[in-house]
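Below: the structure, in structure tokens.
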Amino acid sequence: MSGKIRILIVDDEESIRIATAAILEEEGYAVDTAVNGKEAIEKSNTNLYNAAIIDYRLPDMEGTELLTALKETTPKMVKIMVTGYPSLQNAVTSVNKRADAFLMKPVGIETLLSTIRDLLRKQEQEKKYSEEKVAEFIETRFRSFEPKVPF
Amino acid sequence: MSNHGKLLQDNLDQALIEAIDEGLLSIGSLPREVMLRNLENYFQIKKDDIPLNLAKFEDVLQTVFGSGTRYLERSIAQRLCEKLNLGVIGLESSSLVGCVDELKRQLLLRGERK
């Protein structure tokens, strides 16, 4: 992915979508929003996002259901679950569904930004590691060719 | 080759080079760099010369990536079709070479209609 880092905000509360988008855009991220799980799935099928911030309770599905759906289509996207109803059960379910972070509302600006930065840094490191492995694989495969020019 | 034919071939080659570059980038910038470097080191094929050595390029892809080659070939073919403003050609029963030949035929037809 080239250009700006793209983040999808999934929340049915308009005020939260607007406020979070403003904060993230101020930090230089490209932001898109979805009001429910269905819209989030549709958008993630047609656009590439580096990260998604997902409300635990959405009008049409649980945030954890959305996590499962997004895991299938965009396994490498960073997924941050946000909830106004924190409980150990919610946290455990989110982690089991492969959320990368679990934050409680109201989320502090610095907490949100540092969480995003840390996870995106980790994502970048994993991407780099993965590319290095593919590059190593290509090098190995080429060694199976006979060199055309003797050294 | 007529002037029109030469121009068409040059445009196709340029679009193909760009499509290959972008297609290889889909597996990462480092893998792309390693792929192109080795293609030159082992086969003396520079990126700009791939259109002239497309069958060999396809053979190398097959040897390096095995069944994963289809993903790359589809990715390249799709980009090429977009660059040439032609309908996407499926690669289900065709090779990349076959796809490029078909696109060239369509370009010629389009030129004749104008």
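The values are calculated or read from the model by the stated rules, or taken from the named source; none is laboratory data. Because the structure is predicted, anything quoted here is derived from the model rather than measured. Using ideal geometry, Cβ is built from the backbone for each residue, glycine included, and neighbour counts are taken over all protein chains shown. Calculation scope for accessible area: heavy atoms of the full protein, side chains included, ligands and nucleic acids excluded. Shrake-Rupley method; radii C 1.70, N 1.55, O 1.52, S 1.80 Å.
Work out how much length B:Gln44 to B:Asp21 would gain on full extension: take 0.36 nm times their residue separation and subtract the Cα-Cα distance, in nm to one decimal.
Extra length available between B:Gln44 and B:Asp21 comes to 6.6 nm.
If you fit an axis through the alpha-carbon atoms of helix A:37-46 and take the longest principal axis of the Cα set of chain A, what angle between them do you get, 0 to 90°, nearest 10?
30 degrees
Count, for each residue of A:128-135, the Cβ atoms from other chains sitting within 10 Å of its Cβ, then give me the mean as a whole number.
Taking the mean over all residues of the peptide, I get 5.
If R₀ is 41 angstrom, what is the calculated FRET efficiency for the pair A:Ala19 and B:Leu108, using the beta carbon separation as r and rounding to 0.05? Write down the numbers at each step before the final one.
Working: r = 56 Å, r/R0 = 1.38.
Efficiency at R0 = 41 Å is approximately 0.15.
Can you give the accessible area buried between chains B and A, summed over both chains, with a 1.4 Å probe, in Å² to the nearest 100?
Approximately 1500 Å², summed over both chains.
Straight-line reach from A:Lys79: which lysines fall under 18 Å, measuring Cα to Cα and dropping same-chain residues less than 8 apart?
A:Lys4, A:Lys38, A:Lys43, A:Lys71, A:Lys97, A:Lys105, A:Lys122, A:Lys127
With +1 on the Cβ of every Lys and Arg and -1 on the Cβ of every Asp and Glu, and nothing else charged, how large is the dipole of chain B about its Cα centre, in debye rounded to the nearest 20?
Roughly 260 debye, rounded to the nearest 20.
How well do other chains shield peptide B:72-78, expressed as the mean number of their Cβ atoms within 10 Å of each residue Cβ?
0
Counting helices only, and only those DSSP H runs with n ≥ 4, report the 222 nm mean residue ellipticity of chain A as the sum of -39,500 (n - 2.57) divided by its residues, in deg cm²/dmol to the nearest 500.
Mean residue ellipticity, 222 nm, calculated: -17000 deg cm²/dmol.
Using packing as a proxy for protection, rank A:41-48, B:52-59 so that the peptide with the highest average count of other Cβ atoms within 10 Å comes first.
The peptides rank, most packed first, as B:52-59, A:41-48.
Just need the Rg to Rh number for the protein assembly as shown, please, alpha carbons only, Kirkwood Rh.
1.09
Rg to Rh ratio, chain B, alpha-carbon atoms and Kirkwood radius? The partial results should precede the final answer.
Details: Rg = 14.1 Å, Rh = 14.5 Å.
Computed over Cα atoms, the ratio is 0.97.
Evaluate the charge dipole of the protein assembly as shown about its Cα centre and quote only its size in Debye, nearest 20, assuming +1 on the Cβ of each Lys and Arg and -1 on the Cβ of each Asp and Glu.
The dipole magnitude comes to about 560 debye.
Compute the Kirkwood hydrodynamic radius of region A:20-80, taking the inverse of the mean of 1/r over all pairs of distinct Cα atoms, and give it in Å to one decimal.
That comes to 11.9 Å for region A:20-80.
Using Cα positions and a limit of under 22 Å, work out the lysines in reach of B:Lys83, with same-chain residues fewer than 8 apart set aside.
B:Lys6, B:Lys46, B:Lys47, B:Lys104, B:Lys114
If we restrict to alpha carbons, what Rg and Dmax does region B:27-77 come to, in Å?
Expressed in Å, the Cα Rg and Dmax of region B:27-77 come to 10.4, 25.
Other chains' Cβ within 10 Å of B:38-46 residues: what's the mean? Write down the numbers at each step before the final one.
Values: counts 6, 1, 0, 5, 7, 5, 2, 0, 0.
Shielding by partners across B:38-46 averages 3.
If you wrap a convex hull around the alpha carbons of chain A, what volume per residue comes out, as a whole number of Å³?
Hull volume over Cα atoms, normalised by residue count, gives 141 Å³.
Just to be sure I understand: of the beta bridges DSSP finds with both ends in the protein assembly as shown, what percent are antiparallel, rounded to 5?
The antiparallel fraction comes to roughly 5 percent.
Mind checking the angle between helix B:29-43 and chain B's longest principal axis? C-alpha axes, 0 to 90 degrees, to the nearest 10.
90 degrees
Relative to the longest principal axis of chain A, what angle (0 to 90°, nearest 10) does the C-alpha long axis of helix A:14-26 take?
For helix A:14-26, the angle is close to 40 degrees.
Roughly how many whole Å is it from the C-alpha centroid of region A:95-116 to that of region A:15-83?
Cα centroid of region A:95-116 versus Cα centroid of region A:15-83: 12 Å apart.
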